[in-house]
Amino acid sequence: MKIDIIGDIHGCYQEFNQLTQQLGYSWEKGYPVHPQNRRLGFVGDLTDRGPQSLEVIKIVWKLWKAGIAYYVPGNHCNKLYRYFLGNNVKIIHGLETTVAELGALPQNKREVIGNMFKELYEQSPLYQVLDDGKLIIAHAGIKEEYIGKVNKKVKTFVLYGDITGEKNDDGTPVRKDWSLSYHGESLIVYGHTPVREPKKTKNTINIDTGAVFGGKLTAFRYPENEIISIPSTLPFVPEKFREI
(Lines give C-alpha, C1' and ligand atoms only; values in the text may rest on other atoms or scores of the structure.)
Protein backbone atom coordinates (compact mmCIF):
# COMPACT_ATOMS: atom_id res chain seq x y z
CA MET A 1 0.00 0.00 0.00
CA LYS A 2 1.25 3.47 -0.95
CA ILE A 3 -0.65 6.39 0.50
CA ASP A 4 -0.11 10.11 1.00
CA ILE A 5 -1.89 11.26 4.16
CA ILE A 6 -2.82 14.95 4.32
CA GLY A 7 -3.09 16.91 7.57
CA ASP A 8 -6.04 19.11 8.60
CA ILE A 9 -6.97 21.16 5.49
CA HIS A 10 -9.60 23.45 7.08
CA GLY A 11 -10.74 24.91 3.78
CA CYS A 12 -7.23 25.65 2.49
CA TYR A 13 -8.03 24.42 -1.01
CA GLN A 14 -5.21 26.30 -2.72
CA GLU A 15 -2.60 24.73 -0.45
CA PHE A 16 -4.17 21.30 -0.94
CA ASN A 17 -4.01 21.70 -4.70
CA GLN A 18 -0.36 22.77 -4.56
CA LEU A 19 0.62 20.02 -2.13
CA THR A 20 -0.88 17.26 -4.24
CA GLN A 21 0.93 18.57 -7.30
CA GLN A 22 4.14 18.62 -5.28
CA LEU A 23 3.42 14.96 -4.45
CA GLY A 24 3.18 14.13 -8.16
CA TYR A 25 -0.61 14.09 -8.61
CA SER A 26 -2.24 15.28 -11.84
CA TRP A 27 -5.45 17.32 -11.82
CA GLU A 28 -6.47 16.55 -15.41
CA LYS A 29 -9.66 14.83 -14.24
CA GLY A 30 -10.61 17.73 -11.99
CA TYR A 31 -9.27 15.99 -8.90
CA PRO A 32 -5.79 14.67 -7.99
CA VAL A 33 -4.75 11.31 -9.49
CA HIS A 34 -1.28 9.81 -9.12
CA PRO A 35 0.37 8.16 -12.17
CA GLN A 36 1.64 5.33 -9.95
CA ASN A 37 -1.78 4.78 -8.35
CA ARG A 38 -0.86 6.15 -4.95
CA ARG A 39 -3.89 7.01 -2.84
CA LEU A 40 -4.66 9.97 -0.64
CA GLY A 41 -5.65 9.84 3.00
CA PHE A 42 -7.31 12.56 5.07
CA VAL A 43 -7.11 12.95 8.85
CA GLY A 44 -10.37 14.94 8.98
CA ASP A 45 -11.27 18.59 9.54
CA LEU A 46 -11.64 19.31 5.84
CA THR A 47 -13.60 22.49 6.49
CA ASP A 48 -14.01 25.62 8.64
CA ARG A 49 -11.86 28.71 9.14
CA GLY A 50 -10.25 28.59 5.67
CA PRO A 51 -11.53 30.30 2.50
CA GLN A 52 -12.70 27.35 0.35
CA SER A 53 -14.25 24.67 2.52
CA LEU A 54 -16.91 23.69 -0.01
CA GLU A 55 -14.34 23.13 -2.75
CA VAL A 56 -12.42 20.81 -0.42
CA ILE A 57 -15.61 18.86 0.32
CA LYS A 58 -16.33 18.39 -3.40
CA ILE A 59 -12.81 17.19 -4.23
CA VAL A 60 -12.55 14.76 -1.31
CA TRP A 61 -16.01 13.39 -2.11
CA LYS A 62 -14.97 12.83 -5.74
CA LEU A 63 -11.80 11.04 -4.65
CA TRP A 64 -13.73 8.91 -2.18
CA LYS A 65 -16.41 8.03 -4.76
CA ALA A 66 -13.64 7.05 -7.20
CA GLY A 67 -12.25 4.69 -4.56
CA ILE A 68 -8.85 6.37 -4.44
CA ALA A 69 -8.97 8.07 -1.04
CA TYR A 70 -9.37 7.24 2.64
CA TYR A 71 -11.21 9.72 4.84
CA VAL A 72 -11.84 9.86 8.57
CA PRO A 73 -13.93 12.56 10.29
CA GLY A 74 -12.59 15.21 12.61
CA ASN A 75 -14.44 17.17 15.27
CA HIS A 76 -15.20 19.95 12.76
CA CYS A 77 -16.54 17.34 10.34
CA ASN A 78 -18.78 15.97 13.07
CA LYS A 79 -20.16 19.41 13.83
CA LEU A 80 -20.76 20.20 10.14
CA TYR A 81 -22.52 16.85 9.74
CA ARG A 82 -24.84 17.71 12.63
CA TYR A 83 -25.45 21.12 11.05
CA PHE A 84 -26.48 19.46 7.77
CA LEU A 85 -28.84 17.20 9.71
CA GLY A 86 -30.57 20.32 11.02
CA ASN A 87 -29.37 19.92 14.60
CA ASN A 88 -29.00 22.96 16.82
CA VAL A 89 -25.25 23.59 16.71
CA LYS A 90 -23.42 26.79 17.59
CA ILE A 91 -22.09 28.56 14.48
CA ILE A 92 -18.70 29.36 16.06
CA HIS A 93 -15.08 28.13 16.13
CA GLY A 94 -14.82 28.23 12.34
CA LEU A 95 -18.16 26.75 11.31
CA GLU A 96 -19.34 30.29 10.54
CA THR A 97 -17.03 30.47 7.51
CA THR A 98 -18.41 27.27 6.00
CA VAL A 99 -21.99 28.37 6.71
CA ALA A 100 -21.25 31.71 5.02
CA GLU A 101 -20.00 29.88 1.92
CA LEU A 102 -23.15 27.80 1.89
CA GLY A 103 -25.29 30.90 2.32
CA ALA A 104 -23.86 32.37 -0.88
CA LEU A 105 -25.19 29.43 -2.90
CA PRO A 106 -28.69 28.79 -4.25
CA GLN A 107 -30.73 26.32 -2.18
CA ASN A 108 -30.34 23.47 -4.67
CA LYS A 109 -26.56 23.74 -4.66
CA ARG A 110 -26.49 23.88 -0.85
CA GLU A 111 -28.44 20.64 -0.83
CA VAL A 112 -26.01 18.99 -3.25
CA ILE A 113 -23.04 19.89 -1.06
CA GLY A 114 -24.89 18.76 2.05
CA ASN A 115 -25.76 15.41 0.49
CA MET A 116 -22.16 14.90 -0.65
CA PHE A 117 -20.81 15.56 2.82
CA LYS A 118 -23.41 13.46 4.61
CA GLU A 119 -22.70 10.52 2.30
CA LEU A 120 -18.95 10.85 2.83
CA TYR A 121 -19.35 11.13 6.60
CA GLU A 122 -21.91 8.36 7.04
CA GLN A 123 -20.09 5.81 4.91
CA SER A 124 -16.59 6.37 6.29
CA PRO A 125 -15.22 4.71 9.44
CA LEU A 126 -14.43 6.59 12.63
CA TYR A 127 -10.78 5.67 12.04
CA GLN A 128 -9.01 3.77 9.28
CA VAL A 129 -7.07 0.56 9.93
CA LEU A 130 -4.94 -0.05 6.85
CA ASP A 131 -2.15 -2.30 5.56
CA ASP A 132 -3.12 -5.26 7.77
CA GLY A 133 -3.14 -3.08 10.86
CA LYS A 134 0.30 -1.59 10.32
CA LEU A 135 -1.18 1.89 9.68
CA ILE A 136 -3.99 3.73 11.44
CA ILE A 137 -5.42 7.12 10.51
CA ALA A 138 -7.37 8.76 13.35
CA HIS A 139 -8.18 12.45 13.58
CA ALA A 140 -6.96 13.20 17.10
CA GLY A 141 -5.22 9.85 17.61
CA ILE A 142 -6.30 6.69 19.36
CA LYS A 143 -5.23 4.74 22.44
CA GLU A 144 -3.81 1.28 21.84
CA GLU A 145 -6.61 -0.37 23.81
CA TYR A 146 -9.24 1.41 21.69
CA ILE A 147 -8.02 0.00 18.37
CA GLY A 148 -10.69 -2.29 16.93
CA LYS A 149 -13.45 -0.77 19.08
CA VAL A 150 -16.15 1.76 18.29
CA ASN A 151 -18.19 3.18 21.16
CA LYS A 152 -18.97 6.58 22.67
CA LYS A 153 -15.70 6.79 24.63
CA VAL A 154 -13.63 5.83 21.56
CA LYS A 155 -15.52 8.32 19.38
CA THR A 156 -14.91 11.17 21.82
CA PHE A 157 -11.20 10.34 21.99
CA VAL A 158 -10.74 9.99 18.23
CA LEU A 159 -12.55 13.27 17.50
CA TYR A 160 -11.29 15.42 20.39
CA GLY A 161 -8.18 13.74 21.81
CA ASP A 162 -7.38 13.08 25.45
CA ILE A 163 -9.50 15.89 26.85
CA THR A 164 -9.49 16.76 30.55
CA GLY A 165 -12.84 18.54 30.79
CA GLU A 166 -11.15 21.91 31.30
CA LYS A 167 -11.11 24.78 28.78
CA ASN A 168 -8.31 26.92 27.37
CA ASP A 169 -8.67 30.72 27.27
CA ASP A 170 -10.00 30.52 23.69
CA GLY A 171 -12.72 28.06 24.71
CA THR A 172 -11.07 24.97 23.23
CA PRO A 173 -10.73 21.86 25.39
CA VAL A 174 -7.55 21.24 27.37
CA ARG A 175 -6.04 17.96 26.20
CA LYS A 176 -3.15 15.76 27.27
CA ASP A 177 -0.53 14.27 24.97
CA TRP A 178 -1.80 10.70 24.61
CA SER A 179 1.09 9.79 22.29
CA LEU A 180 3.57 9.73 25.20
CA SER A 181 1.90 6.62 26.61
CA TYR A 182 1.33 4.84 23.29
CA HIS A 183 3.34 1.62 22.93
CA GLY A 184 1.52 -0.09 20.04
CA GLU A 185 3.03 -1.57 16.89
CA SER A 186 0.59 0.19 14.54
CA LEU A 187 1.80 3.51 13.16
CA ILE A 188 -0.79 6.15 14.03
CA VAL A 189 -1.04 9.20 11.79
CA TYR A 190 -3.20 11.97 13.20
CA GLY A 191 -3.81 15.72 13.35
CA HIS A 192 -6.19 17.92 15.38
CA THR A 193 -3.59 19.84 17.45
CA PRO A 194 -1.61 22.35 15.35
CA VAL A 195 2.16 22.00 15.69
CA ARG A 196 4.80 24.02 13.86
CA GLU A 197 6.57 20.90 12.61
CA PRO A 198 5.28 17.32 12.24
CA LYS A 199 5.54 15.80 15.72
CA LYS A 200 6.89 12.25 15.94
CA THR A 201 6.40 10.48 19.26
CA LYS A 202 7.13 6.75 19.49
CA ASN A 203 5.07 5.11 16.72
CA THR A 204 2.83 8.14 16.11
CA ILE A 205 3.03 11.30 14.03
CA ASN A 206 0.95 14.47 14.20
CA ILE A 207 0.76 16.10 10.76
CA ASP A 208 -1.52 19.05 11.54
CA THR A 209 0.96 21.84 10.90
CA GLY A 210 -1.66 24.58 11.04
CA ALA A 211 -2.22 25.52 7.40
CA VAL A 212 -5.26 27.60 8.29
CA PHE A 213 -3.21 29.49 10.91
CA GLY A 214 -0.44 30.41 8.50
CA GLY A 215 1.74 27.37 9.13
CA LYS A 216 2.08 24.62 6.55
CA LEU A 217 -0.02 21.91 4.95
CA THR A 218 1.74 18.60 5.42
CA ALA A 219 1.59 15.16 3.83
CA PHE A 220 3.04 11.97 5.28
CA ARG A 221 4.09 9.46 2.62
CA TYR A 222 3.59 5.82 3.61
CA PRO A 223 5.44 3.45 3.63
CA GLU A 224 8.36 5.74 2.76
CA ASN A 225 7.97 7.69 6.05
CA GLU A 226 8.62 10.94 4.18
CA ILE A 227 7.26 14.36 5.04
CA ILE A 228 6.29 16.84 2.33
CA SER A 229 5.02 20.29 3.34
CA ILE A 230 4.15 23.54 1.59
CA PRO A 231 3.77 26.94 3.28
CA SER A 232 0.35 28.42 3.89
CA THR A 233 -0.76 31.57 2.08
CA LEU A 234 -2.68 32.73 5.17
CA PRO A 235 -1.45 35.05 7.95
CA PHE A 236 0.60 33.39 10.68
CA VAL A 237 -1.17 33.17 14.06
CA PRO A 238 1.49 31.93 16.53
CA GLU A 239 -0.83 31.54 19.53
CA LYS A 240 -2.79 28.83 17.70
CA PHE A 241 0.16 26.46 17.77
CA ARG A 242 0.33 24.50 21.00
CA GLU A 243 2.85 21.94 22.07
CA ILE A 244 1.08 19.55 24.41
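The values are calculated or read from the model by the stated rules, or taken from the named source; none is laboratory data. Given the structure is predicted, the values throughout are model-derived calculations rather than measurements. Quick reminder, even Gly has a Cβ in these numbers, built from the backbone with ideal geometry, and neighbours come from all protein chains shown. All accessible areas refer to the heavy atoms of the entire protein, side chains included, with ligands and DNA or RNA removed. Shrake-Rupley method; radii C 1.70, N 1.55, O 1.52, S 1.80 Å.
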Report summary line: Between L217 and residues 5 or more places away or on another chain, the pairs with built amide H atoms under 5 Å apart involve I230, S232
Query raised in the report: Check V174: other-chain or 5+ apart residues with amide H under 5 Å from its amide H, H built from backbone geometry?
Result: T164, G165, E166, K167, N168
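Please give me, ordered by residue number, the trypsin sites (Lys or Arg not before Pro) of segment 82-115 that lie in loop per DSSP and have at most 10 other Cβ atoms within 10 Å. Could the numbers behind the result be given before it?
Working: sites: R82, K90, K109, R110; in loops: K90.
The qualifying sites are K90.
Compute the relative contact order of the chain as a whole-number percentage, counting only Cα pairs closer than 8 Å that sit 6 or more residues apart in sequence.
So the answer I get is 22 percent.
If the chain between I147 and S26 were fully stretched, how many nm would it gain, using 0.36 nm times the residue separation less the Cα-Cα distance? Walk me through the numbers on the way to the answer.
Details: separation 121, 0.36 × 121 = 43.56 nm, distance 3.44 nm.
Length gained, I147 through S26: 40.1 nm.
Over segment 27-102, with the other protein chains present, what is the accessible area per residue in square angstrom, probe 1.4 angstrom?
Working: 3230 Å² over 76 residues.
Accessible area per residue, segment 27-102: 42 Å².
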Query raised in the report: Out of residues 5 or more away from T201 or on other chains, whose amide H comes under 5 Å of its own, with H placed 1.01 Å from N in the peptide plane?
Result: N206
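Could you state the accessible area per residue of segment 126-243 in Å², with a 1.4 Å probe and every protein chain left in place?
Details: 5700 Å² over 118 residues.
On a per-residue basis, segment 126-243 sits at 48 Å².
So which trypsin sites (Lys or Arg not before Pro) in segment 189-244 pass both tests, a DSSP loop state and at most 15 other Cβ atoms within 10 Å of the Cβ?
Numbers: sites: R196, K199, K200, K202, K216, R221, K240, R242; in loops: R196, K202, R242.
Here the sparse-neighbourhood loop sites are R196, K202, R242.
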**Report entry** the chain - mean residue ellipticity at 222 nm from DSSP helices (-39,500 (n - 2.57) per run, n ≥ 4, rounded to 500)
**Finding:** -8500 deg cm²/dmol
Query raised in the report: If exposed GluC sites (Glu not before Pro) are those in a DSSP loop with at most 11 other Cβ within 10 Å, what is the longest stretch of the chain that has none?
Result: 29-184
Query raised in the report: In segment 4-78, which trypsin sites (Lys or Arg not before Pro) are in a loop and have at most 15 other Cβ atoms within 10 Å, using DSSP for the loop call?
Result: K29
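Set the bar at 18 Å for Cα to Cα. Now go through K65/K134; K2/K134; K65/K149; K90/K155; K118/K143 and name every pair that lies beyond it. Walk me through the intermediate numbers first.
Details: K65/K134 24 Å; K2/K134 12 Å; K65/K149 26 Å; K90/K155 20 Å; K118/K143 27 Å.
The answer is K65/K134; K65/K149; K90/K155; K118/K143.
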Report summary line: At the level of C-alpha centres, the distance separating segment 213-244 and segment 20-66, in angstrom, is 17
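Of the chain, which part is the longest with no chymotrypsin sites (Phe, Trp or Tyr not before Pro) in a loop (DSSP not H, G, I, E, B) and with at most 13 other C-beta atoms within 10 angstrom?
Values: sites that count: W27, F236.
Longest gap between qualifying sites, sites excluded: 28-235.
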Report task. Would you please classify the overall shape of the chain from the alpha carbon gyration tensor, given that a ≥ b ≥ c denote the square roots of the eigenvalues, rounded means a/c under 1.5, and beyond that prolate means a/b larger than b/c while oblate covers the rest? Result -> rounded
Report summary line: If unit charges are put on Cβ atoms (+1 for Lys and Arg, -1 for Asp and Glu) and the dipole of the chain is taken about its Cα centre, the option from A104, N203, N151 lying farthest towards the positive end turns out to be N151
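Which FRET efficiency value, to the nearest 0.05, do you get for E185 and M1 by plugging their Cβ-Cβ distance into 1/(1 + (r/R0)^6) with R0 = 22 Å? Don't skip to the answer; put the middle values down first.
Working: r = 16 Å, r/R0 = 0.74.
Once rounded, the FRET efficiency stands at 0.85.
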**Report entry** Cα shape, segment 100-244, gyration tensor, a/c 1.5 rule
**Finding:** rounded
